[in-house]
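Chemist: Here it is, the structure, as structure tokens.
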Amino acid sequence: MRNNRPKVVVALVAYNRAPLLKECLDALSVQSVQPTAVVAVDNASSDQTPEILAAHPVVSHTLRLERNTGGAGGYAAAIALALEKAEADWVWIMDDDTIPSPTALEKLIEVRDSYPEPVTLLASKAIWTDGNTHPMNTHRQRPFASKEEIQAAKQYGAMPVRAASFVSILVRAEAIRANGLPIADYFLWNDDLEYTARLLRDGVGLYVPASVVTHKTKQLASATDDPGERFYYEARNKRWFLKSDHLRARDRILWGGATVVRWGKMFLKSKQRKQLWQLGYKGWKDGSQTPKTNEEYFADLPKVRQVISGLDDQTETIQNNQGTPKILMAGSSGGHLAQLRNLSYWYQDLDVTWLTFDTEDAKTALEGERVIWATHSPERKWQQLIKSAKLARRTLDKSRPDLIISAGASLGIMALLYGKMLGVPTLYIEVFDRIKLRSLSGRIAYRLADEFCVQWEEQKKLYPKAKLVGPLL
């Protein structure tokens, strides 16, 4: 009979650092809470790594690759191995130069088990050999996290994050199956950023500083130090990352802006600026191509292909069966609401949430529906606009819809605007009674919404790119 305790499996990647590998495995063997299993991928090491993995009692499964597939390829194989061979419920991902403190896993599990919401990922604090936080593994608070999210995490000694590094993270196996494996073609650099950002697009990620590991890099390098020839991968992979489908518009703006600043500092500090420029140009140019699929990347490694194929099939099945689409109907009460209500023949079998004002007609029309009420004010004031914007943001953060539909006015426009920032598809329907003149909401939404619809043929003269859906009243 299987133990009810969730199985935590370590996914470890090793490459030509035999002494550090042994130190890492020794540290895993004395954890106050023992992992269920340890799986390790040897990235074609030429030192004593194979012998150490074969002899160490803490290691459960090993996979030696015929060529060095980089950190990205190694992690893809190790994570797949943890799920397919060791049947992990949670995967504890780390590199061979990561030395976990005796309570590192225990502290992650404590927060995982006590946190009131399902957690996707928990990250440890990484320090260097001098005891200070490692600058390459610094975690930052999740941008746009609500006060409620920040306070909830703080209660458990944690901080909400949008991404993390592969230097000690504990990841829910269900999230891995739903989102797939790291992209092996990244080889090195930004593979952990892309993967954890993918996992945490809608998932809960927590940085847990009580869980401490030592990241024993040779030097205490920062993110703005000149990486030499590796800058090619930084440039290529960052372009790949910024084009990722799972990023929202605001993610691209924030990470893109941070990249420009960091590269600027790197260039100013570098003593090999010409080389850095050439590597960056080549990497950015090559980043215009699409990375290989994992199946393509591992085409010459049948053992790896066999391990990842089953997991890839599961991910495809899950993504093709995501369940009932979630729709947010957002807009003012009165006629705006009445027009949206007349779409009931279309949305009656969907998961619908309403965002509107708490007027009597709206309460009557939406009785029995899931509604988020905004306080109605008969006077149009800028303070009311700010309140609408804040409520729209909280609503979208909580409901995570697949589509936003609005017929105006201010409340609907704020929902469309914030949805656009989040990368949520948006649709706007111009109101029934504006045939000869454009409404203010229509003028804004025409530039903002992914799809813009009108109810009369005459309205197409005002909005040439609109789609005609016919009258809703």
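Chemist: Is it the case that the stretch 437-447 has a residue that's modelled with pLDDT under 90 and β-branched (Val, Ile, Thr)?
Modeler: Looking through the stretch 437-447, none of the residues is modelled with pLDDT under 90 and β-branched (Val, Ile, Thr).
Chemist: Looking at Gly310, Gly264, Gly287, can you tell me which residue is in contact (Cβ under 8 Å) with a residue 24 or more places away in the chain and assigned by TED's automatic domain parsing to the domain that holds Glu229?
Modeler: Gly287
Chemist: Tell me whether the stretch 74-87 contains one or more residues that are surrounded by fewer than 20 Cβ atoms within 10 Å (Cβ to Cβ) and in contact with a Ser or Thr (Cβ under 8 Å, 6 or more places away or on another chain).
Modeler: no
Chemist: Within the bounds of the stretch 103-117, is there any residue that is modelled with pLDDT of 95 or more, closer than 21 Å to Cys24 by Cα and assigned to a strand (DSSP E or B)?
Modeler: There is no residue in the stretch 103-117 that is modelled with pLDDT of 95 or more, closer than 21 Å to Cys24 by Cα and assigned to a strand (DSSP E or B).
Chemist: Read through the list (1) part of a loop (DSSP other than H, G, I, E, B); (2) without any contact (Cβ under 8 Å) to a residue 40 or more places away in the chain, then give the number of the only condition that Ile52 fails.
Modeler: If we test Ile52 against (1) part of a loop (DSSP other than H, G, I, E, B); (2) without any contact (Cβ under 8 Å) to a residue 40 or more places away in the chain, just (1) comes out false.
Chemist: Given Ala184, Ala210, which one is surrounded by 22 or more Cβ atoms within 10 Å (Cβ to Cβ) and touching a Gly at 6+ places or on another chain (Cβ under 6 Å)?
Modeler: None of the other options fit; the residue is Ala184.
Chemist: Among the residues of the stretch 305-342, write down those that are at pLDDT 80 or above and small (Gly, Ala, Ser).
Modeler: Across the stretch 305-342, the qualifying residues are Ala330, Gly331, Ser332, Ser333, Gly334, Gly335, Ala338.
Chemist: Here's a follow-up. For Val167, indicate whether it is under 18 Å from the mean Cα position of the chain (by Cα), in a strand (DSSP E or B) and under 29 Å from Thr293 (Cβ atoms).
Modeler: Spelling it out, it is not the case that Val167 is under 18 Å from the mean Cα position of the chain (by Cα), in a strand (DSSP E or B) and under 29 Å from Thr293 (Cβ atoms).
Chemist: Has the stretch 130-142 got any residue that is within 30 Å of Asp312 (Cα to Cα), of a type in the set (A, V, I, L, M, F, W, C) and touching a residue at least 12 places away in the same chain (Cβ under 8 Å)?
Modeler: No: the stretch 130-142 contains no residue that is within 30 Å of Asp312 (Cα to Cα), of a type in the set (A, V, I, L, M, F, W, C) and touching a residue at least 12 places away in the same chain (Cβ under 8 Å).
Chemist: In this structure, does Lys154 turn out to be part of a helix (DSSP H, G or I) and of a type outside the set (A, V, I, L, M, F, W, C)?
Modeler: Yes; evaluated as a whole, the condition is true for this residue.
Chemist: Check whether at least one residue in the stretch 249-269 is loosely packed, with under 14 Cβ neighbours inside 10 Å, in contact with a Lys or Arg (Cβ under 7 Å, 6 or more places away or on another chain) and under 27 Å from Lys420 (Cβ atoms), and report yes or no.
Modeler: yes
Chemist: Further, regarding this structure: Starting from the stretch 64-79, keep only residues that are without any contact (Cβ under 8 Å) to a residue 40 or more places away in the chain, then list their pairs with residues that are assigned to a helix (DSSP H, G or I) whose Cβ atoms are within a distance under 9 Å, requiring at least 6 positions of separation or different chains.
Modeler: Final answer for the pair search is Arg64/Thr49; Arg64/Pro50; Arg64/Leu53; Arg64/Lys303.
Chemist: Now a separate question. From the list Asp300, Asp349, pick out the single residue that is over 30 Å from Ala235 (Cβ atoms), exposed (fewer than 11 other Cβ atoms within 10 Å of the Cβ) and of a type in the set (Asp, Glu).
Modeler: Exactly one residue qualifies, and that residue is Asp349.
Chemist: Yes or no: Leu28 in contact (Cβ under 8 Å) with a residue 60 or more places away in the chain, in contact with a strand residue (DSSP E or B) (Cβ under 9 Å, 6 or more places away or on another chain) and either surrounded by 18 or more Cβ atoms within 10 Å (Cβ to Cβ) or not assigned by TED's automatic domain parsing to the domain that holds Pro182 (or both)?
Modeler: yes
Chemist: Please list, ordered by first then second residue, the pairs with beta carbon atoms under 9 Å, 6 or more apart or interchain, first in the stretch 96-122 and not assigned by TED's automatic domain parsing to the domain that holds Phe166, second surrounded by 22 or more Cβ atoms within 10 Å (Cβ to Cβ) and of a type in the set (Phe, Trp, Tyr).
Modeler: Going by the 9 Å Cβ cut-off, there are no qualifying pairs.
Chemist: On to the next question. Out of (1) of a type in the set (D, E, K, R); (2) in contact with a strand residue (DSSP E or B) (Cβ under 6 Å, 6 or more places away or on another chain); (3) at pLDDT below 85, what's the single condition that is false for Asp402?
Modeler: (3)
Chemist: Sticking with this one: Can you work out which of the residues in the stretch 237-256 that are without any contact (Cβ under 8 Å) to a residue 12 or more places away in the chain and in a helix (DSSP H, G or I) is nearest to Leu188 (Cα to Cα)?
Modeler: Residue satisfying both the conditions and the ranking: Arg252.
Chemist: Here's something else I'd like to know. Kindly establish whether Glu117 is surrounded by fewer than 20 Cβ atoms within 10 Å (Cβ to Cβ) and over 19 Å from the mean Cα position of the chain (by Cα).
Modeler: Considered against the rule, which asks whether it is surrounded by fewer than 20 Cβ atoms within 10 Å (Cβ to Cβ) and over 19 Å from the mean Cα position of the chain (by Cα), Glu117 comes out as no.
Chemist: Sort through Ala221, Ala178 and tell me the only one that's surrounded by fewer than 23 Cβ atoms within 10 Å (Cβ to Cβ) and under 15 Å from the mean Cα position of the chain (by Cα).
Modeler: Ala178
Chemist: On to the next question. Thr259 is checked against (1) assigned to a helix (DSSP H, G or I); (2) touching a residue at least 24 places away in the same chain (Cβ under 8 Å); (3) among the polar types (S, T, N, Q); (4) farther than 30 Å from Lys107 by Cβ and fails just one. What number does that condition carry?
Modeler: It fails just one condition, (2).
Chemist: How many of the residues making up the stretch 418-468 are in contact (Cβ under 8 Å) with a residue 40 or more places away in the chain and exposed (fewer than 15 other Cβ atoms within 10 Å of the Cβ)?
Modeler: Counting residues in the stretch 418-468 that are in contact (Cβ under 8 Å) with a residue 40 or more places away in the chain and exposed (fewer than 15 other Cβ atoms within 10 Å of the Cβ) gives 1.
The values are calculated or read from the model by the stated rules, or taken from the named source; none is laboratory data. On a predicted model such as this, the values are computed, not experimentally measured, just so you know. Every residue, glycine among them, receives a Cβ derived from its backbone with ideal geometry; neighbour counts consider all protein chains shown.
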